1. Looking only at the stretch B:177-195, count how many residues are more than 7 Å from every other protein chain (Cβ to nearest Cβ) and basic (Lys, Arg).
2. Show me the strands (runs of 3 or more DSSP E) found entirely inside the stretch B:372-481 where at least 1 residues are closer than 19 Å to residue B:322 by Cβ and among the aromatic types (Phe, Trp, Tyr).
3. Return the total of residues in the stretch A:46-91 being under 25 Å from residue B:160 (Cβ atoms), within 12 Å of another protein chain (Cβ to nearest Cβ) and β-branched (Val, Ile, Thr).
4. Output the residues belonging to the stretch A:36-65 that are of a type in the set (A, V, I, L, M, F, W, C) and either loosely packed, with under 15 Cβ neighbours inside 10 Å or under 25 Å from residue A:191 (Cβ atoms) (or both).
5. Looking at the stretch B:527-536, is at least one residue touching a strand residue (DSSP E or B) at 6+ places or on another chain (Cβ under 9 Å) and assigned to a strand (DSSP E or B)?
6. Check A:102, A:96 and return the single one that is away from chain B (no Cβ under 13 Å), modelled with pLDDT of 85 or more and surrounded by 22 or more Cβ atoms within 10 Å (Cβ to Cβ).
7. With the condition kept exactly as written, say whether any residue in the stretch B:465-486 is β-branched (Val, Ile, Thr), farther than 30 Å from residue B:584 by Cα, surrounded by fewer than 20 Cβ atoms within 10 Å (Cβ to Cβ) and without any contact (Cβ under 8 Å) to a residue 60 or more places away in the chain.
8. Out of (1) at pLDDT 90 or above; (2) at the interface with another protein chain (Cβ under 10 Å from one of its Cβ atoms), the odd one out for residue A:36 is which?
Amino acid sequence: MKKLVFLILLAVLFVSLLFAEANPAAVILQSKGVIELSRDGEKKNVSSGEILYNGDELVSSEESIAAIRFVDDGAIIKLFSNSILTIITTKVENKLDKQLYLEVGELWSKVKKESGAYQIETPTAVAAVKGTDFLTEVKDNGDTWLFTFEGVVELKTDVGSVEVSKGSTGIAVSGSAPIQRKTEKDEIKEGVRKEIEQVVETNVMEIEFKDANGETKTMKIYYK
Amino acid sequence: MKKSVLVILMLVLSVTYVFAQSVEVDFIPPEFVESLKPLNLRLDIISGGDKIEEVYLFYKKGNLDFTQELMEPGLGINQYYQTTIPGRYIDQAISFYFRLILKDGLDQTIPATDPINNPYYVPLRQKEKPKKDAYFQILSPDQEYNYQDKDFMVAISYFSLEDKLQDKSIVLYFDGRDVTADATIANNMLVYKPAAVGPGNHTIRVAVLNKDDSIFKEMSWTVQVKKVTTLQKLSVSVNGDLVIDSRLTLNDGDSSSFYFDKDKEWRSTGQLRLWGGKDWFRYRGRVYVSSEESSKRQPYNRYSLDLHMPHLSLYFGDHNQVFSNTTIAGKNVRGIGGELTFGFFKLHSFYGQIQRHIKGTQIIDSTTVPYDTTYTGGYYNRNSLGVRMQFGNERTFYVGLNALKTKDDIDSEAYAENPKDNVVVGLDSRLNLFRSRLQFGWEVSTSLLNNNIAPGVLTKEDMDSLDIDLPFNPEDIESIFIINEFVEPYKPSLSSIAAETYLRAFFMHNLLNFKYSYVGASYNSLANPYLQKDKSGFNIMDNITLMNNQLNFGIGYHAYKDNLRDTKEATTHTKGYRMNAGYYPFARIPNISLSYQKTNITKEVSDSTLFPANRLSDIITFSTSYKFPVSIFSPTDTRIVLSFSNTNTTDKEFNTYDYNTQNYRFNVISEFKELPMTTRFNMSYFARKDAPDTLETKKSNYFNVGISEEIRPNLFKKGNFRTSLGYNWTRSTGDNKYTKHYITWGMYNQFKILPTDTFLTLELSYMIYDDSNDSAEDYNQMRGILKFTQKF
């Protein structure tokens, strides 16, 4: 009898898992050019407003950019042209752990403190952070270059690890311990640098909202 | 017991205005200011409003000088004036007072007594840290990115609610329309992309509904899109607004009324402001025209264009120029100016008119032969050229060298007298340490003034005949400065020097301000005519703020004297101190403020025909206010204000006067949250006693109770268009008995002529003033206000 109950429970669990709705992980806020999404073996071109799920893979074409925000508001990323990114997230209590796989290309990340774990894996290294602002570039040969703008990023390979601090570049080559040195001029592509630094105050949008205490707050948004 | 209760009640009362004033106002200072948040100040006029020509606000922070701001007459049932202290100015407590310029040429200040040394003081309150909303996260719009129009979207995460959403549904409204069906709603977020987002306000509301459609959680906010897509295509951005304001007043007064012989009055102003830029270039332009503009007085109109580029700023038209406190400190100059900046070097220069010519009249006395001719009323064009070189920067350390030349254009007006020529040179410096927590500055200037250049420069013959010996020929420097017998000072001395030094230190919740100033009797800067001459002294003030700025204490002392070089027969000394304390809690409990000020003015005389003086005055004020939600028959925000002040002014020299005035005030203001209604209750008592030693004591008391009820319902409302009807009834009894009925019809619309917003306001009002004591004081008044605003 006990065995039967156990089997029924197992079957219910299995069926519920089959029909469980996948949880969104992020949303594309901005897109330019052609961004291709691969999900469950199917491919389609996506643009801003597209909700991304756990396991989604994004491929950006020439002169394409996608800005993505995670559902817990813990990080915002920008995928630059000719890049391939896979998004994997896990909900842990009320936080969202993010594990991204950057196969090739460039990815800028701005991660909030006190949000879930944030990690970028590349063919040669893993970058783990807690609250920072950095750019990860995976060259065609798989070498990983990491530029830190704020905070500290731990860059590790199978052989060793290094902490890449603000204003520094970390370089990870397959089979070697990563190294860190001061970021040199023009190491970051001009187009990528401009996109990161871009703050164009062409339009101002003000949002008034009330917080939990009923106090009115104003949010200003600058957009093109 | 009853007596002690009465005494306690009396002590808990306060004051903001005095009965004896010709214009009666209602003003309750705000409880606090918040850092970087604009402070809107509104001065309500209760009576005598038609005597007002203009109202100015003077405000300052710390030890800085007062900044003057013309207040704008407001729209509405009751007459009021308002202005806003910009948020960028507010980073500490603000002091301010109002100056009412009356049509009869007199002026009146609020507060009435010594407003410069005893202005309203509003402490700084830090914002409480906003609590993070645990239920909704706004993912978009956000300020992290620059959105293309096609990317505008609403993205809301309810990630933390995810586990509580079983059997619940989510609805989304955009501009009041249910767009749930058009939104992508997942189990922890939703995304909605409107087809197009035009400029203007857009409302968004999201709600999680229970099974029975009751609200589980909800959130709403307003999105304001200020600019339009088409403007983005311009190579240089254009922003701006146009405001046209026209007011007409018609009076019908009985024989004793102030309005008896007053004709209709019509005033209009128009202002166009434009600003924008591209990349490294920025511009800002302003045209302000007023119906008050007249060739018989100094200009009301203002025209300005500022251009800003890297290293260079150019100013055309009207601009308030500032070098230093003793040279030029905000005087409007109509002309051209510029600032050139290269690293640590800044060159600031301007040339223009600080006074324009006004045609005078010629008076010929034909009873004498030859005719005796005098000129009156005329003014010359007065032009000023200023150059300032600054080394260093404002954030750390700088030294500035100032030179200012101001001269009347003698050919600009025939019927004016005593054309002047003035040269000022000065040096100033400021040191900022510890991120401006310690600031030390000083300046020194000297001047030469020629009080009458009409006779021209001294020639060698003139010098011989006047027995004047100069080491140079005045004719050689005529183009720089005209020297003749009207030059002041004739010989440079300490009298022709003005100097200031100040220290500002902010450590351990303690803000210390110290300032010493010296202005010699012969120091003159025509570009800074309000600098008081022949006066020196210092003031020191320390303010302590504790408990996150909820509790503050202040103590200060000042001492000044005039007649610095014993050139006059009388010397006046002014000494005084002040103390204040305030408690402004975050929680909903009453706030309290208390201040005490003592001032002693003595006059020593060396001439027996003059009289010495010794006047002692002390002022104590106490006020408390409490704001709380209360339901009268509908929810209200109610504020109770109790205030008291006591002023003693005594003649210590001859005992010819000994005035004591006491003001008590009790106000209750209830603003109904759900009804278009406001109730104001006011009770005030003013007592004055004049008790000199030698004469009989005189007493005068005034007591008034007033209630005002204002209702203002919307008659019609559709979209942004609405019309409203207002009725205000005020009843005052006591020593000043009157009833006032005020009925107003208003029409407001927000629409689009251009792609950006247009606002139109029209108000018509009619007031009946019924004086219960004297019917001859009765009057009726009709007013019309039209205001048009176009945003760009």
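1. So in the stretch B:177-195, the residues more than 7 Å from every other protein chain (Cβ to nearest Cβ) come out as B:177-183, B:185, B:190, B:192, B:194-195.
Subsequent filtering for residues that are basic (Lys, Arg) retains B:177.
Residues that pass the stated criteria total 1.
2. On the way: elements: B:372-376, B:381-392, B:397-409, B:421-433, B:438-450.
Result: B:381-392, B:397-409, B:438-450.
3. Of the residues in the stretch A:46-91, the ones under 25 Å from residue B:160 (Cβ atoms) are A:48-56, A:67-77, A:87-91.
Still in the running and within 12 Å of another protein chain (Cβ to nearest Cβ): A:48-54, A:67-77, A:89, A:91.
Adding the requirement that they be β-branched (Val, Ile, Thr) leaves A:51, A:68, A:71, A:76-77, A:89.
Number of matching residues: 6.
4. So in the stretch A:36-65, the residues of a type in the set (A, V, I, L, M, F, W, C) come out as A:37, A:46, A:51-52, A:58-59, A:65.
Correct list: A:37, A:46, A:52, A:58, A:59, A:65.
5. So far as the stretch B:527-536 goes, yes, one or more of its residues are touching a strand residue (DSSP E or B) at 6+ places or on another chain (Cβ under 9 Å) and assigned to a strand (DSSP E or B).
6. Details: A:96 fails: away from chain B (no Cβ under 13 Å).
Testing whether each residue is away from chain B (no Cβ under 13 Å), modelled with pLDDT of 85 or more and surrounded by 22 or more Cβ atoms within 10 Å (Cβ to Cβ) leaves just A:102.
7. Our first condition is that a residue be β-branched (Val, Ile, Thr); within the stretch B:465-486, this holds for B:468, B:477, B:480, B:482-483.
From what's left, farther than 30 Å from residue B:584 by Cα: B:468, B:477, B:480, B:482-483.
Those left that are additionally surrounded by fewer than 20 Cβ atoms within 10 Å (Cβ to Cβ): B:468, B:477, B:480.
After this cut, where a residue has to be without any contact (Cβ under 8 Å) to a residue 60 or more places away in the chain as well, the list is B:468, B:477.
Within the stretch B:465-486 (the criterion being β-branched (Val, Ile, Thr), farther than 30 Å from residue B:584 by Cα, surrounded by fewer than 20 Cβ atoms within 10 Å (Cβ to Cβ) and without any contact (Cβ under 8 Å) to a residue 60 or more places away in the chain), the answer is yes, since at least one residue qualifies.
8. Among (1) at pLDDT 90 or above; (2) at the interface with another protein chain (Cβ under 10 Å from one of its Cβ atoms), residue A:36 violates only (2).
The values are calculated or read from the model by the stated rules, or taken from the named source; none is laboratory data. No experiment lies behind these values; they were computed from the predicted model shown. Glycine gets a Cβ as well: all are built from the backbone with ideal geometry, and neighbour counts include every protein chain shown.
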